[in-house]
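Notes to accompany the following structure.
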Ligand SMILES: C[S@@+](CC[C@H](N)C(=O)[O-])C[C@H]1O[C@@H](n2cnc3c(N)ncnc32)[C@H](O)[C@@H]1O
């Protein structure tokens, strides 16, 4: 009996609190935190790491109000977006009429098995305390040979750790949900491999934020953006860059 209680406590500790996500993003009119140049860098990374051709059927998971779904469409993909937040999906539909945006949960995808050529996990994996269920869903919905890429903040980057990791004395909970934390690249790649996918890791610097939620961090933002561009782009800084790209394929 005691063991069963322990097991259910452990399971709930690793489950995402969906309502907290919905409430948090329900307070926003839209989500588009990077500069346009940074958004373009992420789409270019997706093209480079997946090699998917124009016309490929791609889902943008955790699409928010559709900023990356629209860029995928502009890059020539047959793109659709999915997000847990009804508010952000409604905002995206208003901003991009005609773009295919739906409400849904990345841990229970409403797409048929083997129906997609590609998946962009759009800043969503770090919102999942345990990424295994999401990885299994990505495996299920991809066709054999289908490709995926995820981008998430890197716990090994000093800024991401200082500002966004709960073990840091300077952790700020402002502007983030309780579910999220920067990721460890090997843990996430391991979850995708365990789901049956071939997975690798790359890193990205030079993604400039347009703004940050925390008032004390705001004056530091231009310094962060400059250091990120000048220091973390150096080749030997690779594993310390602010963003982890987890990418791969369904065999
Ligand atoms: C950091 S935001 C990224 C938004 C957008 N992709 C971007 O980068 O501009 C994370 C998004 O993931 C969504 N999300 C969180 N958990 C989710 C889940 N289980 N299923 C689908 N979407 C989820 C949130 O609603 C939010 O829009």
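Structure above, values below:
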item	result
Among residues of the range 83-115, those that are touching a helix residue (DSSP H, G or I) at 6+ places or on another chain (Cβ under 6 Å), within 12 Å of the ligand (Cβ to nearest atom) and over 14 Å from residue 68 (Cα atoms), counted	7
Meets criteria (at pLDDT 95 or above, within 20 Å of residue 196 (Cα to Cα), more than 13 Å from the ligand (Cβ to nearest atom) and part of a strand (DSSP E or B)) for residue 118	yes
Residue count for the range 123-149, restricted to those that are in a strand (DSSP E or B) and over 12 Å from residue 247 (Cα atoms)	4
Test for residue 77: is it touching a residue at least 24 places away in the same chain (Cβ under 8 Å), crowded, with 20+ Cβ neighbours inside 10 Å and more than 18 Å from residue 138 (Cβ to Cβ)	no
Residues that are part of a helix (DSSP H, G or I) and over 19 Å from the mean Cα position of the chain (by Cα), drawn from the range 51-90	74, 90
Qualifying residue in the range 206-220 (condition: more than 21 Å from residue 42 (Cα to Cα), part of a helix (DSSP H, G or I), out of contact with any helix residue (DSSP H, G or I) (no Cβ under 7 Å at 6 or more places or on another chain) and within 16 Å of the ligand (Cβ to nearest atom))	no
The range 101-115 - residue that is in a strand (DSSP E or B) and touching a residue at least 24 places away in the same chain (Cβ under 8 Å) and, of those, nearest to residue 152 (Cα to Cα)	105
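The values are calculated or read from the model by the stated rules, or taken from the named source; none is laboratory data. A quick note: this is a predicted structure, and the numbers were derived from the prediction, not measured. Heads up, the Cβs are rebuilt from the backbone with ideal geometry, glycines too, and the neighbour counts pull from every protein chain shown.
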